[in-house]
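The values are calculated or read from the model by the stated rules, or taken from the named source; none is laboratory data. Please read these numbers as outputs of a predicted model, since none were measured by experiment. Quick reminder, even Gly has a Cβ in these numbers, built from the backbone with ideal geometry, and neighbours come from all protein chains shown.
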Amino acid sequence: MNITKSNKASYQNALYNEYLIRNKAIIILLIILQVIAFFLAINAGASNISPKEAILAILGLSDSKSISIVRNIRMPRIVSGIISGIGLSLAGCIMQNNLRNPLASPSILGVSNAAAFGANVAILLLGAGTIVNIGLGEIQINNPYMVTICAIIFSILSTLLIIFLSTIGHFTIYSIILAGTALNSLFSAGIIILQYFSSDTTKVAAAIFWTFGDLSRASWREIAIMGIVVFIAVVYFMSHRWDYNVLATGDETAKSLGVDVERIRFGGMVMASILTAVTVSFLGTIGFIGLVCPQITRKIVGSDNRYLIPASAIMGSLILLISDTLARVVLSPQVLPVGAVTSFIGAPLFLYFLIKGDITR
């Protein structure tokens, strides 16, 4: 009997160690793929620049034209794609975990549209957007920080409403999704009304242009702000990785193990909404990253947040970077909105998971 128990324990330990090694290997592989995607993104564009030339340009050892293209055009776009991909994917991952709902994401729950509504308030009512060159029709958000503040305020309000609804006894996890769909429609209607009744066509043009997700619009200062917010969020989420694992087993179990369910859920949802708001306010609406990337990652590494959180972050940045590269090369020299490309990629993947039944489990 003792030998049997010992052998069983040894077998379970071997399986667990294999699981740990496998997940660590997957994360390393994702990092390698991210590095490859990084160099492919630098090389993509109307001007053909090899990876070697790109490295020299980054170091300031190439000709002035290559340095200007790489440092001023491609690098900001690539870095903003990596950072925003991490933020959006993590936001979806935490929302799905906290609400124990695989359909939860910033776009599905109305958080993205709430941030978009706040941005439209800033642009249309507070004058944060304008056309800086009438001849070229160049549209610029001249006060991105006002846009960010308004986006954060409305996204947090939307998140608080979702949290409140999730605490109501008769609301199921799928009722929360329906409530999010209703909020999506509400904020979409608000955006339409704001644009319809605006008498300034310049502001309306700026608001419509802003809704197209575009990684090239963020400056290095705005990229730094996104980077700081994402870094804080990653540290916060990883510090609560064990709490999220316990929370996934159910509120009663989590409470019996000493987890402050309300505080953990509230903190995670608010942080996820801030991530979404900052990204949306600087780059516009980018769909499906927060919904599909955590789903793909969960199928690969499982639901252990020790690995799910970092793997989801890398997966989000990888898919968004690949999407943006495709947006630049498919109709080159024309550049497609990256939000459209992520939707083209994300929608079939979502339907695939839905047909297989993975999302409803």
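Just wondering, is there one or more residues in region 50-61 that are farther than 28 Å from residue 299 by Cβ, in contact with a helix residue (DSSP H, G or I) (Cβ under 7 Å, 6 or more places away or on another chain) and touching a residue at least 40 places away in the same chain (Cβ under 8 Å)? No, region 50-61 contains no residue that is farther than 28 Å from residue 299 by Cβ, in contact with a helix residue (DSSP H, G or I) (Cβ under 7 Å, 6 or more places away or on another chain) and touching a residue at least 40 places away in the same chain (Cβ under 8 Å).
Among residues belonging to region 108-123 that are in a helix (DSSP H, G or I) and of a type in the set (Gly, Ala, Ser), point out the one that is farthest from residue 274 (Cα to Cα).
Selected residue: 122.
For region 278-309, a residue qualifies if it is under 17 Å from residue 114 (Cβ atoms) and either out of contact with any Leu (no Cβ under 8 Å at 6 or more places or on another chain) or surrounded by fewer than 24 Cβ atoms within 10 Å (Cβ to Cβ) (or both), and the qualifying residues are 278, 280, 281, 282, 284, 285, 287.
Of all residues in region 310-361 being part of a loop (DSSP other than H, G, I, E, B) and surrounded by 16 or more Cβ atoms within 10 Å (Cβ to Cβ), which is farthest from the chain's Cα centre (by Cα)? Write out each step before concluding.
Taking region 310-361 as the starting set, the residues that turn out to be part of a loop (DSSP other than H, G, I, E, B) are 330-337, 357-361.
Those still in the list that are surrounded by 16 or more Cβ atoms within 10 Å (Cβ to Cβ) too: 335-337, 359.
Details: 335: 21, 336: 19, 337: 16, 359: 19 Å.
Here the residue is 335.
Residues that are more than 20 Å from residue 41 (Cβ to Cβ) and of a type in the set (S, T, N, Q) within region 52-66 comprise just one, 64. Of all the numbered requirements in (1) over 29 Å from residue 271 (Cα atoms); (2) part of a loop (DSSP other than H, G, I, E, B); (3) in contact (Cβ under 8 Å) with a residue 24 or more places away in the chain, residue 69 misses one, and that requirement is (2).
Taken over region 204-251, the residue count meeting the criterion of being touching a strand residue (DSSP E or B) at 6+ places or on another chain (Cβ under 7 Å) and surrounded by 22 or more Cβ atoms within 10 Å (Cβ to Cβ) is 4.
Examine region 278-288 for a residue that is in a loop (DSSP other than H, G, I, E, B) and closer than 22 Å to residue 244 by Cα, and state whether such a residue exists.
No; the residues of region 278-288 include none that is in a loop (DSSP other than H, G, I, E, B) and closer than 22 Å to residue 244 by Cα.
What number of residues within region 85-114 are among the small types (Gly, Ala, Ser) and surrounded by fewer than 22 Cβ atoms within 10 Å (Cβ to Cβ)?
Start the filter on region 85-114 by keeping residues that are among the small types (Gly, Ala, Ser), which leaves 85, 87, 89, 91-92, 104-105, 107, 110, 112, 114.
Checking which are surrounded by fewer than 22 Cβ atoms within 10 Å (Cβ to Cβ) leaves us with none.
Looking only at that region, the number is 0.
Looking for whichever is at pLDDT below 85 and among the hydrophobic types (A, V, I, L, M, F, W, C) here; the options are 27, 108. Which one fits? Before the answer, list the steps.
Values: 27 fails: at pLDDT below 85.
On inspection, the qualifying residue turns out to be 108.
If the condition is being surrounded by fewer than 19 Cβ atoms within 10 Å (Cβ to Cβ) and in contact (Cβ under 8 Å) with a residue 40 or more places away in the chain, then region 183-203 contributes 186, 188, 190, 194, 195, 198, 200, 202.
Is it the case, given these coordinates, that residue 75 is in contact (Cβ under 8 Å) with a residue 12 or more places away in the chain and closer than 30 Å to residue 156 by Cα? No. Against the definition (on the phi < 0 side of the Ramachandran plot and surrounded by fewer than 15 Cβ atoms within 10 Å (Cβ to Cβ)), how does residue 82 come out, yes or no? No: the conditions fail for residue 82. Taken together, the criteria place residue 259 among residues that are surrounded by 20 or more Cβ atoms within 10 Å (Cβ to Cβ), more than 30 Å from residue 76 (Cα to Cα) and among the aliphatic types (A, V, I, L, M).
Taken over region 146-202, the criterion of being in contact with a strand residue (DSSP E or B) (Cβ under 8 Å, 6 or more places away or on another chain) and of a type outside the set (S, T, N, Q) is satisfied by 147 alone.
When region 22-45 is examined, which residues are found to be more than 20 Å from residue 320 (Cα to Cα) and out of contact with any Phe, Trp or Tyr (no Cβ under 9 Å at 6 or more places or on another chain)?
22, 25
Here is the figure for region 204-238: residues that are modelled with pLDDT of 95 or more and hydroxyl-bearing (Ser, Thr, Tyr) total 1.
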